[in-house]
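One structure below.
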Amino acid sequence: MIRKAAILCSIVFALLLTACGAGGGSSNSDSANSQAADTNLTAEEEIVITATNYSFDQKEYHLKKGVPVKIIFKNESGNHGILVPEMKLRLDAKDSSKVILPEEAGTFEVTCAIMCGSGHSGMSAKIIVE
């Protein structure tokens, strides 16, 4: 009986990890923002998003529409990452920076991309493109 309960708990835990890592949800547009994959795009601005246990260093980060920006992710404590599906942006310890070109004004939610513990679901901030 204990073995069945342990297997069931393991399956539920695996499903929770999968759900937290999924980039589900609706986006404003499929091409809301383009990713600066080519090296010809040079960042005119730079922002740093720093994560600690269950929070980011700011509640809001402001970007200018049409201005290339280098986003740098720093992790000060715990195991975290950032995910902004509408901007096709995912950063973590391995890939800690990226240049993007915000092409659409709006407010975009930044969430933790790595299941980090009990406060994971409340770990969010906003990127506001003006």
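None of the figures in this text is laboratory data; all of them are computed from the coordinates on show. Since the model is a prediction, treat every value here as computed from it, not as a measurement. With ideal geometry, Cβ positions are generated from the backbone for all residues, glycine too; neighbour counts draw on all protein chains shown.
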- Task: Could you work out how far apart the two model spin labels at residue 118 and residue 41 are, taking each label as a point 7 Å from the Cα in the direction of the beta carbon, and quote it in nm?
- Result: 4.0 nm
- Taking residue 64 as the anchor, which lysines have their alpha carbon closer than 29 Å to its alpha carbon, excluding any fewer than eight residues away along the same chain? 74, 88, 94, 98, 126
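At 0.36 nm per residue, and after removing the present C-alpha to C-alpha distance, how many nm does the segment from residue 103 to residue 64 gain when stretched out fully? All intermediate terms of the calculation are to be shown ahead of the outcome.
Working: separation 39, 0.36 × 39 = 14.04 nm, distance 0.90 nm.
Gain in length upon complete extension: 13.1 nm.
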- Query: What is the Cα coordinate range of the range 29-129 on the first, second and third principal axes, sorted by size from largest, in whole angstrom?
  - Reply: 38, 24, 21
- Just add up the charged neighbours of residue 97: K/R +1, D/E -1, any other residue whose Cβ is under 14 Å from the Cβ of residue 97. +1
- Query: Residue separation times 0.36 nm, minus the C-alpha to C-alpha distance between residue 128 and residue 90: what's the value?
  - Reply: 12.0 nm
